[in-house]
Amino acid sequence: RNPNLNQNPLINVRDRLFHALFFKMAVTYARLFPPSFRRVFEFFVLLKALFVLFILAYIHIAFSRSPINCLEHVRDKWPRDGILRVEIQRNSSRAPIFLQFCGADKFPGMVVESTAEEEEEEEEEMTVDMFENSSIKFELDIEPKVFLKPSRVSSTQALTRNESQEFSFSEAATKVWPQEEYIVEYSLEYGFLRLSQSTRQRLSIPVMVVTLDPTRDQCFGDRFSRLLLDEFLGYDDILMSSVKALAENEENKGFLRNVVSGEHYRFVSMWMARTSYLAAFVIMVIFTLSVSMLLRYSHHQIFVFIVDLLQMLEMNMTIAFPAAPLLTVILALVGMEAIMSEFFNDTTTAFYIILIVWLADQYDAICCHTNTSKRHWLRFFYLYHFAFYAYHYRFNGQYSSLALVTSWLFIQHSMIYFFHHYELPAILQQSRIQELLLQNQQLGQGTQTTLQDNLNNNTTAAPMAVG
């Protein structure tokens, strides 16, 4: 027999099982929650999605479209043959701009700070985690390929990051930077960023330290913008955008090092036109269809294995474990996540996108039974999902996590809306029809029983009358 024909009964059984479970859960949901509560819940989800969209739009207008000018006052002063170190500190008592490892005659009018032991210890005590997977490839080196790091920059510039290991550092360090610290270093020469504080002092490499205070500097926006930066976003994007504004004026765009996380980047010129929306749409379709196909195949393999396992327990049979199909699915999903991680430069974003596609695929397969839902819900899903891809691709991943949350909230609202307005009324109508048929059947059985009793009574009464 053709093996493809053997799969159809299992697929039908699976669909009927999921449909029965969905039908029972929908009826229970309708009995527990009245229509007024369902309308309030649907409106609350929509309000939450609109609020997050407003936050995204506000942040985009405040920090992405307008240039960040936090370092405008040092544009012509910072040492091109040295390092620019930018720190964010609240209510700092030291000078906002000062120099290290440099003579006062080289930069007249600037405050020069002598090397402190605390600075050396601070730099030497950084953990190994900061320098893992953080080497940079130059154009002439024979090294692994450099991958673009498009996050946290605007459309004219992008950052690239290499994931190879090149240097080893002492594991005697124990100090870990606190999460609220924000320190970056920028230099036109990548080698300067690799040097320790003592080596920089010995080689007399000038280091300009710029301290930014969110409570005083105007470049951090108004009070609401500072609240968002403090509580939700952090200052990483502000620092990188400020340094990017300096790199745009340099012929050699230079390199950036996040001192806290240990990540190393380099600036490259990158032009993102409006035609990038077409590329984002193509990538979205490829990723979504690939993930959906792999997940559906994995569901089928798992369901087949469960059915075989139940038959083995019931009939005391031996079954063969489907190792090859399951291993193929697992490797395909891992490879798909790796490809998506390279595109988004973030494994967390890739994982959540796969999760969203899986939830949407399950909703379409299990919950969409009416013609209206089958015809229109997928259009809303692709529209909201494409909005995230378009924003991420057009603006180089800046605030892409917030854009993904916004997209998911609107997808969630569309699921609830179609369920409340199309699927649930159809299920309740079908449930009422089944109850009426059951009542009629019971009444019919009762009438038939009464007629049979009357017939039996008439039959027994007739001989008595004759006698």
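The values are calculated or read from the model by the stated rules, or taken from the named source; none is laboratory data. Everything numeric here is computed off the predicted structure, so don't read it as measured data. Glycine gets a Cβ as well: all are built from the backbone with ideal geometry, and neighbour counts include every protein chain shown. For the accessible areas, the whole protein counts, side chains as well, though only heavy atoms, and no ligand, DNA or RNA atoms are used. Shrake-Rupley method; radii C 1.70, N 1.55, O 1.52, S 1.80 Å.
Using a probe of 1.4 Å on the protein chains alone, the accessible area found for TYR384 is around 50 Å². Surface listing: ILE283, ILE205 arranged by accessible area from highest to lowest gives ILE283, ILE205, probe 1.4 Å. In terms of the mean number of neighbouring beta-carbon atoms within 10 Å, the peptides 367-373, 334-340 order highest first as 367-373, 334-340.
Judged by the mean number of other Cβ atoms found within 10 Å, the most tightly packed of the peptides 306-313, 245-252 leads the ranking 245-252, 306-313. Annotation: amide H-H contacts under 5 Å for ILE83 (H modelled 1.01 Å from N, sequence separation of 5 or more, or interchain): VAL207, MET208. When nucleic acids and ligands are ignored and a 1.4 Å probe is applied, SER298 ends up with an accessible area of around 10 Å². Just the number, please: Stokes-Einstein D of the range 282-427 in µm²/s, Kirkwood Rh from C-alpha pairs, 10 °C, 1.306 mPa s. Estimated via Stokes-Einstein, D reaches 93 µm²/s.
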